[in-house]
1. Anything in segment 234-290 that is exposed (fewer than 13 other Cβ atoms within 10 Å of the Cβ) and modelled with pLDDT under 80? List them, or say none.
2. Among (1) free of Cβ contacts under 8 Å to residues at least 24 places away in the same chain; (2) in contact with a Cys (Cβ under 6 Å, 6 or more places away or on another chain), which single condition is V15 missing?
3. Here are L109, L99, L114: which of them is more than 27 Å from D31 (Cα to Cα), crowded, with 23+ Cβ neighbours inside 10 Å and not small (G, A, S)?
4. Does T102 fit the bill of being closer than 25 Å to H237 by Cα and touching a residue at least 40 places away in the same chain (Cβ under 8 Å)?
5. Conditions first: (1) within 30 Å of T2 (Cα to Cα); (2) assigned to a strand (DSSP E or B); (3) over 15 Å from the mean Cα position of the chain (by Cα). T265 passes all but one, so which condition is the exception?
6. Quick one: in segment 206-222, which of the residues that are in a loop (DSSP other than H, G, I, E, B) and not charged (D, E, K, R) is farthest from E243 (Cα to Cα)?
7. Step by step: first the residues of segment 23-41, then only those that are acidic (D, E) and either surrounded by fewer than 16 Cβ atoms within 10 Å (Cβ to Cβ) or touching an Asp or Glu at 6+ places or on another chain (Cβ under 6 Å) (or both), then the one that is nearest to T12 (Cα to Cα). Which residue is that?
8. Considering segment 58-95 alone, what residues qualify as being touching a helix residue (DSSP H, G or I) at 6+ places or on another chain (Cβ under 7 Å) and hydrophobic (A, V, I, L, M, F, W, C)?
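The values are calculated or read from the model by the stated rules, or taken from the named source; none is laboratory data. Bear in mind that the values here come from a model prediction, so they are computed numbers and not experimental data. Heads up, the Cβs are rebuilt from the backbone with ideal geometry, glycines too, and the neighbour counts pull from every protein chain shown.
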Amino acid sequence: MTILACDTANQTASVALLEEGKVLAEFSIHDKKTHSEKLLPMIAQLLETTGKAPSDIDVFAISEGPGSFTGLRIGLVTMKTMAYTLKKPIVGIGTLYALAATVPFFNGLVCPVLDARNQQAFCGFYRNLTLPISRQSTLENDFQNELFLKEHFQDKNAAAAEAPLKETGRFETSASTTFVMAQASLMSCAADTVCHVDVLAEALIGYKQDVLLLGDCATAFADRIRSLWAAESHPYHLFVAPESLFKNRAATVALLAQEKIQSGTGADVFSMQPFYMRVSQAERFKQQKKGSAKGEHTKNDTK
């Protein structure tokens, strides 16, 4: 089985080709060019380098979000168009899970964080099931932290808060990460969410174990989280994975997609949608403007 995967959820664009479980090639570019400028040339170069034709691809895989609204749309439209044209299946993989899966060896909580602006981040909470973690009442901690994050959720309009959640064991995970629980060695401890760095810091304390941050705002958030932990006399450690080594990779998306397709789970080209988690800033501004106009209209009517 040959899989073409791409990840355009943030500034780095990544494409990879997987054949029978082996990565044939992977290209990543992190520059100021838009994904619309570089994605198709990257795919063409990838196929040329590996001696493959588009017709050789059996499955298309995409990092489905959360992340950059524009980046997700460009990646998804490109993959869906190719899948539809070639009449091949397409598979979506949660961006935060794919990022967490790049670190299979950390003995603690893996917390991928992607910039959501205004001191907020798209966050995931994962644990490697193959490592013997020593922890106190872990199941209870996970359950309490899930409730804490829901209570302090920062964006009331977030799609993740409104989307139906699927239960797996004691915990609930968003639809984009449900498959992961059954198929891979990483367990999702709480639903992917978006929150302020201060809320994240407090939630991480509840897990009572070492934490690894990784992602494009991990370094920026680390100092703030450490300062809040110090005030709480938190005895555990916060580590930051170097972004230059641990970032969103299309090869990881392809490997996870292979597991998913082998389990018989795929997606229809027409039903596949990006997982935005919340409405865009432009849409929120539009809603605020509409609300202000409605309030002003009501005010005038009462005069």
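1. Selection gives S244, L245, D268, S280, Q281, A282, F285, K286, Q287, Q288, K289, K290.
2. Tallying (1) free of Cβ contacts under 8 Å to residues at least 24 places away in the same chain; (2) in contact with a Cys (Cβ under 6 Å, 6 or more places away or on another chain), V15 fails exactly one: (1).
3. Only one candidate qualifies: L109.
4. Working: closer than 25 Å to H237 by Cα: yes; touching a residue at least 40 places away in the same chain (Cβ under 8 Å): yes.
Considered against the rule, which asks whether it is closer than 25 Å to H237 by Cα and touching a residue at least 40 places away in the same chain (Cβ under 8 Å), T102 comes out as yes.
5. The one condition T265 does not meet is (2).
6. Of all residues in segment 206-222, those in a loop (DSSP other than H, G, I, E, B) come to 206-210, 215-217.
Restricting the remaining residues to those that are not charged (D, E, K, R) gives 206-207, 209, 215, 217.
Values: G206: 25, Y207: 24, Q209: 22, G215: 6, C217: 9 Å.
Here the answer is G206.
7. D31
8. Passing the criteria: V59, F60, A61, I62, I74, M82, L86, I90, V91, I93.
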